[in-house]
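The structure appears right after this line, and notes come after that.
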Amino acid sequence: MSSKVSVDLPAEIFDAETNNALIHQVVVAQQAAARQGTHKTKTRAERSGTTAKPFRQKGTGRARQGSMIAPHMIGGGVVHGPQPRSYAQRTPKKMKAAALRGALSDRARNGRIHVVDSLVTGETPSTKAAKEALASIGGVDRNWLVVLDRAEDTAALSVRNLPAVHALYADQLNTYDVLVSDDIVFTQAGYEAFLAHAAGNQAEKEEAK
């Protein structure tokens, strides 16, 4: 059975300013980057059809027509239709990191961040044990975000079938998943891996100055 671990949450990560406008911008960029952008309509140059004039120029009483694949004809090409494109937005690393700190700080200030020694024991995955471990923290009628270390494959397999649980590795933690979750649960190893990852990013920032 897992048990909660008492840890001192670093203030620079878990007690930072929550900038709602920044968080919104980062989340919108993240959702935009997830779009495939493979939508496509055919222009008149790409439609298959005869190039013959549909009927003679004069004498029919109808408006003159030169092609059956013109945009105004049924089955014709589409003007200004969507074409394949990338929706990715440029978001600096500092903005992503600041938004994540703000989201985590909001959860921490409301007592919604938990650290446990582990979710399951042994080498055999157990969805039942993982569910009981989360229930012991605060019930099951909420959306959980579980943050794991890369080596915790057993825990990842144990929670993947729980409908209200989303599991991430520590280096995958992002603002969107924090915001859509009610509570964040770090395993001890996942928490230490996240702090190490955050410290590495901070070191890179200092070197870039």
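Output the number of the condition that His197 fails; it satisfies all remaining conditions of (1) surrounded by 13 or more Cβ atoms within 10 Å (Cβ to Cβ); (2) over 23 Å from Gln25 (Cβ atoms); (3) modelled with pLDDT under 95; (4) not hydroxyl-bearing (Ser, Thr, Tyr).
(2)
Against the condition surrounded by 11 or more Cβ atoms within 10 Å (Cβ to Cβ) and touching a residue at least 40 places away in the same chain (Cβ under 8 Å), how does Pro10 come out, does it pass?
Yes: the conditions hold for Pro10.
Where residues in the range 167-184 are closer than 15 Å to Arg150 by Cα and not polar (S, T, N, Q), which of them is surrounded by the fewest Cβ atoms within 10 Å (Cβ to Cβ)?
Asp171
Condition first: touching a helix residue (DSSP H, G or I) at 6+ places or on another chain (Cβ under 6 Å) and under 22 Å from Thr175 (Cα atoms). Now tell me which residues in the range 107-143 satisfy that.
Ala108, Ile113, His114, Val115
Name the pairs whose Cβ atoms lie under 9 Å apart, with the first residue in the range 182-203 and more than 12 Å from Tyr169 (Cα to Cα) and free of Cβ contacts under 8 Å to residues at least 60 places away in the same chain, the second in a helix (DSSP H, G or I) and open to solvent by less than 10 Å² (accessible area, probe 1.4 Å), and 6 or more positions between them or separate chains?
Ala196/Ala170
Has the range 152-170 got at least one residue that is assigned to a helix (DSSP H, G or I) and within 22 Å of Arg109 (Cα to Cα)?
yes
The values are calculated or read from the model by the stated rules, or taken from the named source; none is laboratory data. Everything numeric in this text was worked out from a predicted model, so none of it was measured. Cβ sites come from the backbone with ideal geometry, for glycine too, and all protein chains shown count toward neighbours. Heads up: the accessible areas ignore ligands, DNA and RNA and are worked out on the full protein's heavy atoms, side chains in. Shrake-Rupley method; radii C 1.70, N 1.55, O 1.52, S 1.80 Å.
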